[in-house]
Amino acid sequence: MLVTRRNQNLMPALFNELFDFGNDLISTEHTMTPKLNISESDKSYDMELCVPGLRKEDLAISIDSDNQLVVEMQQKHEEKHEDKDNRHYLRHEFSSMQFKQAFCLPDNVKRDQISARVENGILYITLPKFTVEEKKALAQTIAIQ
């Protein structure tokens with residue numbers, strides 16, 4: 001599914017709503033693109049992703065084989081159709097949302113010390129950096145035989 005942003009002009013948006021016979025009629029999954037802040041300090045890179053309404057169970061963070069930090073989000077709304085009082089929906093827009101993005105990790109990141117937490121609708125990811133001394137300690141010489 002493509003990640004797209006809607007046009008904010010009134011008329012094109014109306015026409016898109018009226019004549020959009022694409023995946024929305026078939027699928028109930030939508031892709032979301034959270035807002036992202038990335039900052040850098042002497043000790044770390046810090047990422048903040050806006051994820052309102054998501055819990056830590058809806059999020060997954062990993063490092064793939066290409067040394068990329070992969071952030072995935074998936075939120076599913078369970079459909080509960082109770083037939084109390086003969087109720088039926090005239091419009092039902094709750095659906096599942098998903099997001100996946102990969103970020104190239106710099107060489108100076110301590111991969112084993114990356115941490116993440118969710119607080120007040122923000123996903124905070126901290127990527128600690130190697131200090132110059134730690135980077136020199138990782139260097140090694142190889143004996144020639």
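Taken together, the values in this text are just the output of simple stated rules run on the coordinates, not laboratory data. Note that this is a predicted model, so its numbers are computed, not measured. Every residue, glycine as well, gets a Cβ built from its backbone with ideal geometry; the counts of neighbours run over all protein chains shown.
Here is the link list: LYS56/LYS136; LYS56/LYS129; LYS100/LYS136. Which ones come out longer than 29 Å on Cα distance? Too far apart for the 29 Å limit: LYS56/LYS136; LYS100/LYS136. Other residues lying with their Cβ under 14 Å from the Cβ of VAL51 contribute a combined charge of 0, Lys and Arg counting +1, Asp and Glu -1. Among ASP58, ASP46, ASP64, ASP85, a tally of other beta-carbon atoms within 10 Å of each Cβ gives an order, fewest to most, of ASP85, ASP64, ASP46, ASP58.
Couplings 3J(HN,Hα) of the stretch 118-125, computed from phi: 10, 8, 6, x, 10, 8, 9, 10 Hz, in residue order, whole Hz [Karplus 6.51 cos²θ - 1.76 cosθ + 1.60, θ = phi - 60°; x for Gly and Pro]. Fewest-first ordering of LEU138, LEU105, LEU123 by other beta carbons within 10 Å of each residue's beta carbon gives LEU138, LEU105, LEU123.
Between amide H atoms placed 1.01 Å from N, distances below 5 Å from ILE122 occur with VAL51, all of them 5 or more places distant or on a separate chain.
For the stretch 61-69, putting each phi into the Karplus relation 6.51 cos²θ - 1.76 cosθ + 1.60 with θ = phi - 60° gives couplings of 10, 8, 10, 8, 5, 9, 6, 10, 7 Hz, in residue order, rounded to whole numbers and with x for Gly and Pro. Phi angles across the stretch 129-145 convert, under the Karplus curve 6.51 cos²θ - 1.76 cosθ + 1.60 with θ = phi - 60°, into 3J(HN,Hα) values of 9, 6, 7, 4, 5, 5, 5, 5, 5, 6, 5, 9, 9, 10, 6, 8, 9 Hz, Gly and Pro given as x. Contact order, relative form, for the stretch 35-76: 26 percent (alpha carbon pairs under 8 Å, 6 or more residues apart, mean separation divided by residue count).
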